[in-house]
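Asks: Dumping the structure here so I can ask a few things about it.
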Amino acid sequence: MKFPYSIHIGAETVLLHGLFEAIGIFVAFRYYLLIRKKQGDNIPTMNRVWIIIGATLGAVLGARIIGTLEIVPEWYPHHLTWSYFWGNKTLVGGLLGGLAGVETMKKLIKEKHNSGDLFTYPLILGMIIGRIGCFTAGIYEETYGFPTNLPWGMNLGDGIMRHPVTLYEILFLILLWIALKQVQKKYILEQGALFKMFLVSYLVFRLLLDFIKPGWRYFFGLGTIQITCILGLLYYIRYLLKPRLLILQAKAYAR
């Protein structure tokens with residue numbers, strides 16, 4: 001296998017990483033529109049538009065702020081130039097930045113309803129597609145693991161057998177999707193609970209996964225993304241301590 005994967009369009013060479021990211025965003029948004037049309041929405045359309053704007057702005061900034069802070073010895077010599085800032089991004093930063101953008105926008109427009117549930121499955125789908133793109137980049141994108149002797153270790157472009165952490169993440173997201181669907185079948189959930197379950201689960205997963213990824217560490221073996229995950233989990237600490245707060249009641253037919 002040769003990394004990074006690319007395709008040729010005329011005289012241009014297009015890396016699959018960026019292409020899959022774009023496809024993931026497009027498909028996720030179309031899926032969101034489909035779910036909203038099918039399930040309805042208790043948030044007025046104009047307010048929903050402002051929420052999406054807040055989510056987008058927050059995600060763009062959050063992804064790049066956390067991405068810039070990820071490797072201190074690397075960004076310091078660049079003096080935080082705009083090109084360096086814009087060229088570094090992380091998914092965890094995007095998710096939590098998007099959350100911050102949504103909550104800020106909801107306060108500005110005085111929207112009281114929880115807004116995350118409709119985004120949950122589209123986000124998971126978009127993340128799966130995006131991570132396929134990350135896998136095609138191999139070691140040329142910061143989503144590869146430590147060397148390993150495990151039988152499923154892969155050569156991601158440098159001749160070393162490594163943990164294919166992007167494939168681990170894809171598998172986790174698929175299993176999380178299935179698990180959330182099962183929870184919805186068995187329980188009537190509080191408004192916003194589905195998104196909280198998704199985000200808390202993903203943050204815990206990334207906190208653990210990044211222990212087998214190379215990168216700059218601050219203290220106790222924790223990198224920037226892991227510290228960000230911990231901060232996100234602290235934001236949802238009451239649901240971690242009392243997960244029953246997310247559940248209204250069991251469905252009568254559930255067994």
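Asks: Which is the longest run of the chain containing none of the chymotrypsin sites (Phe, Trp or Tyr not before Pro) found in DSSP loop states (not H, G, I, E, B) with at most 12 other C-beta atoms within 10 Å?
Replies: 1-151
Asks: Calculate what fraction, in whole %, of the accessible area of the chain sits on carbon and sulfur atoms when a 1.4 Å probe is rolled over the protein chains.
Replies: 68
Asks: Convex hull over the Cα atoms of the chain, averaged projected area in nm²?
Replies: Seen from a random direction, the Cα hull of the chain projects 17.2 nm² on average.
Asks: Of Lys110/Lys181; Lys2/Lys89; Lys38/Lys186; Lys89/Lys196, which sit over 26 Å apart, Cα to Cα?
Replies: Over 26 Å Cα-Cα: Lys110/Lys181.
Asks: Cα-Cα pairs above 21 Å in segment 72-209: how many percent?
Replies: Values: 5201 of 9453 pairs.
Cα-Cα pairs of segment 72-209 separated by over 21 Å account for 55 percent.
Asks: List the residues, sorted by chain then number, that are 5 or more residues from Ser6 or on another chain and whose placed amide H is less than 5 Å from its amide H.
Replies: Placed amide hydrogens put Leu16 under 5 Å from Ser6.
Asks: Which residue fluctuates most in the GNM of the chain (Cα springs below 10 Å): Thr136, Thr56, Thr45?
Replies: Checking each option, the largest mean-square fluctuation is seen for Thr45.
Asks: Using amide H atoms built 1.01 Å from N in the peptide plane, name the residues 5+ places from Met161, or on other chains, whose amide H lies under 5 Å from its own.
Replies: Thr148
Asks: Heavy-atom accessible area per residue, the chain, 1.4 Å probe: how many Å²? List each step's numbers first, then the result.
Replies: On the way: 14440 Å² over 255 residues.
About 57 Å² of surface per residue is accessible.
Asks: Compute the distance in nm between two label points, each set 7 Å from the Cα along the Cα-to-Cβ direction, one at Leu222 and one at Gln182.
Replies: Spacing of the two 7 Å Cα→Cβ label points: 3.1 nm.
Asks: Scan around Leu189 for amide H atoms under 5 Å from its own, H built in the peptide plane at 1.01 Å from N, and keep only partners 5 or more places away or cross-chain.
Replies: Amide H neighbours of Leu189: Leu248.
Asks: While we're on this one: Which whole-Hz couplings ³J(HN,Hα) result when phi for each residue of segment 199-206 is put into the Karplus expression 6.51 cos²θ - 1.76 cosθ + 1.60, θ = phi - 60°, listed in order with x for Gly and Pro?
Replies: Working through the residues one at a time gives 5, 4, 4, 5, 5, 5, 4, 5 Hz.
Asks: So what's the gap between the Cα centers of segment 167-221 and segment 1-72, to the nearest angstrom?
Replies: 18
Asks: What does the charge dipole of the chain about its Cα centre add up to, to the nearest 20 debye, if the Cβ of each Lys and Arg holds +1 and the Cβ of each Asp and Glu holds -1?
Replies: The dipole magnitude comes to about 1280 debye.
The values are calculated or read from the model by the stated rules, or taken from the named source; none is laboratory data. If you're wondering where the values come from, they're calculated on a predicted model, not measured in any experiment. Here Cβ is always computed from backbone atoms with ideal geometry, including for glycine, and neighbour counts include all displayed protein chains. All accessible areas refer to the heavy atoms of the entire protein, side chains included, with ligands and DNA or RNA removed. Shrake-Rupley method; radii C 1.70, N 1.55, O 1.52, S 1.80 Å.
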